[in-house]
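The values are calculated or read from the model by the stated rules, or taken from the named source; none is laboratory data. Here the structure is a predicted model, which is why all the values come from computation and not from measurement. Glycine gets a Cβ as well: all are built from the backbone with ideal geometry, and neighbour counts include every protein chain shown. Side chains are part of the model used for accessible areas, which takes the heavy atoms of the whole protein and leaves out ligands, DNA and RNA. Shrake-Rupley method; radii C 1.70, N 1.55, O 1.52, S 1.80 Å.
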Amino acid sequence: METPRSPLQPPTYGNLVTILSIDGGGIRGILPGTILAFLEAELQKLDGEEARLADYFDVITGTSTGGLVTAMLTAPNENNRPIFAAKDINTFYLEHCPKIFHQDTSPFAPAANLMKTFTGPKYDGKYLHKVVKEKLGEIRLGQTLTNVVIPTFDIKRLQPTVFNSYEAKQIPSLNALLSDICIATSAAPTYLPAHAFETKDSQGNVRKFDLIDGGVAANNPTLVAMNAVMKEILHNNPDFFPIKPTDYTRFMVLSLGTGAAKSEQKFEATEAAKWGLLGWLTSEHSTPLVDVFTQASSDMVDYHISTVFQALHSEENYIRIQDDSLTGNLSSVDIATEENLNGLVKVGEELLKKRVGRVNLENGSFQPAYKATNEEALIKLAKILSTEKLVREARSPHGKVVVLQDLKIKI
């Protein structure tokens, strides 16, 4: 039986608030899976092979496929350690995505898919529901090993419902099963069915949720997570040090995209001008309408946060890793063939070697900004995270005794 590590001490004993954010994107969750495996391996080089990402981030947030990865990294096993190591994420995707997004290879598949557009979602979701419930069991939001924030959208109320482990500890009706939350945040319109479930508080009061994909509200959930932290600070949560709303130097944010189509692979107005409902719902590799609102959501959040961090001279505290050069089937969210899934693994490995990027505030494109590669940035981040954890343990009366040596790492 592995020995449980000490929990991450609250930020009030440290210098930073650490946030990991993972976009939605279906099978393209393989890209952040590759990035996270590399980062966790670097942390293990520093702190031992039992180190896990949940030991270093105050908040892990994810939408849709990112919500599933968030649960995998934070749900406890019988030893109170994460049920998945980061290196196991891609193994999970390679094994289960072909069954979640079963590909019809018959000659009649195009016609069948067209009919499904009118009669229901492209996939019935049964296998996804089964495997998520098997892996997460009866684990609830309030039991995660670090704080999590997972956006969904309630179609009955026509407003976002953000599942937040800070609030789950105070509001019993939000302390839902993690499996229900994951199924809901992954329920992409036209791809997977909406998900309804209920919770009860201690008085037996029932709250019903009618939810679809969190990408409708926040496909890039970074800002949602930062807002959750600021809300706790404003409410004087003792886990946090006092912080000014503009003091972004106290945040350390890693935001992972799931890739986007190369500009030449996207749509043109002359083409879209001819589309009716069917045209907006069907394309060779995707559903244009879904692509538009999820990509807009991700890009606008990145654009906003990049602008603020740059304006406050804290750009090194916001690391965004994204690839906007996917082509063909690689840009799809559901073409789960062996060839395509392995292709995404290769894209993720190549992304590590690319230079650190920043959103261009003039045209919104994602461009190289530093000489350092993403791999080098993650190595540096691992040292920052390890140091922050040691500092907190040394300052906290509940932390283990540590010896601080050479902790002068430029942030």
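Check region 173-181 and report whether any residue there is of a type outside the set (Gly, Ala, Ser) and either surrounded by fewer than 21 Cβ atoms within 10 Å (Cβ to Cβ) or without any contact (Cβ under 8 Å) to a residue 12 or more places away in the chain (or both). Yes, the conditions are met somewhere in region 173-181. Condition check for residue 210 on (1) surrounded by 15 or more Cβ atoms within 10 Å (Cβ to Cβ); (2) modelled with pLDDT under 95; (3) not basic (Lys, Arg): one failure, at (2).
Within region 343-379, can you find the residues that are open to solvent by 80 Å² or more (accessible area, probe 1.4 Å) and either acidic (Asp, Glu) or touching a residue at least 24 places away in the same chain (Cβ under 8 Å) (or both)? 349, 350, 354, 362, 376, listed by residue number. Answer yes or no as to whether residue 73 is surrounded by 16 or more Cβ atoms within 10 Å (Cβ to Cβ), at pLDDT 95 or above and in contact with a strand residue (DSSP E or B) (Cβ under 8 Å, 6 or more places away or on another chain). So residue 73 passes the test.
Considering region 145-161, the residues that are surrounded by fewer than 21 Cβ atoms within 10 Å (Cβ to Cβ) and among the aliphatic types (A, V, I, L, M) include one that is nearest to residue 70 (Cα to Cα), namely 155.
Please count how many residues of region 319-341 are free of Cβ contacts under 8 Å to residues at least 24 places away in the same chain and not acidic (Asp, Glu). So the count comes out to 0.
Looking across region 213-238 at every residue that is open to solvent by less than 30 Å² (accessible area, probe 1.4 Å) and of a type in the set (Val, Ile, Thr), the one that is nearest to residue 192 (Cα to Cα) is identified as 222. Applying the selection to region 40-88, what residues are under 16 Å from residue 8 (Cβ atoms) and either in contact with a Cys (Cβ under 7 Å, 6 or more places away or on another chain) or hydroxyl-bearing (Ser, Thr, Tyr) (or both)? Those that are under 16 Å from residue 8 (Cβ atoms) and either in contact with a Cys (Cβ under 7 Å, 6 or more places away or on another chain) or hydroxyl-bearing (Ser, Thr, Tyr) (or both): 56, 61, 70, 74. Residues of region 43-57 that are open to solvent by 10 Å² or more (accessible area, probe 1.4 Å) and part of a loop (DSSP other than H, G, I, E, B): 48, 49, 50, 52. Specify the residue that is most open to solvent (accessible area, probe 1.4 Å); the eligible residues are those in region 182-207 that are farther than 17 Å from residue 100 by Cβ and in contact (Cβ under 8 Å) with a residue 24 or more places away in the chain. Ranking the qualifying residues of region 182-207, first place goes to 200.
Any residue that is modelled with pLDDT of 95 or more, under 28 Å from residue 388 (Cβ atoms) and surrounded by 15 or more Cβ atoms within 10 Å (Cβ to Cβ) - is there at least one of those in region 111-134? No, region 111-134 has no match at all. Kindly provide the set of residues from region 125-171 that are more than 18 Å from residue 8 (Cβ to Cβ), among the β-branched types (Val, Ile, Thr) and assigned to a strand (DSSP E or B), ordered by number. The answer is 150, 152, 161, 162.
Taking each residue of region 383-411 that is part of a helix (DSSP H, G or I) and looking for partners that are open to solvent by 100 Å² or more (accessible area, probe 1.4 Å) and modelled with pLDDT of 50 or more with beta-carbon atoms closer than 6 Å, six or more apart or interchain, yields 393/400. Of the residues making up region 256-286, those that are open to solvent by less than 50 Å² (accessible area, probe 1.4 Å), in contact with a Pro (Cβ under 9 Å, 6 or more places away or on another chain) and either modelled with pLDDT of 70 or more or of a type in the set (Gly, Ala, Ser) (or both) are 256, 257, 258, 272, 279. The set of residues from region 209-253 being in contact with a Pro (Cβ under 7 Å, 6 or more places away or on another chain) and among the β-branched types (Val, Ile, Thr) comprises 212, 224.
Look at (1) outside any helix (DSSP H, G or I); (2) farther than 16 Å from residue 320 by Cα and you find that residue 87 fails only one, number (1).
When region 92-105 is filtered for residues that are assigned to a helix (DSSP H, G or I) and either open to solvent by 80 Å² or more (accessible area, probe 1.4 Å) or modelled with pLDDT under 95 (or both), the ones remaining, listed by number, are 95, 99.
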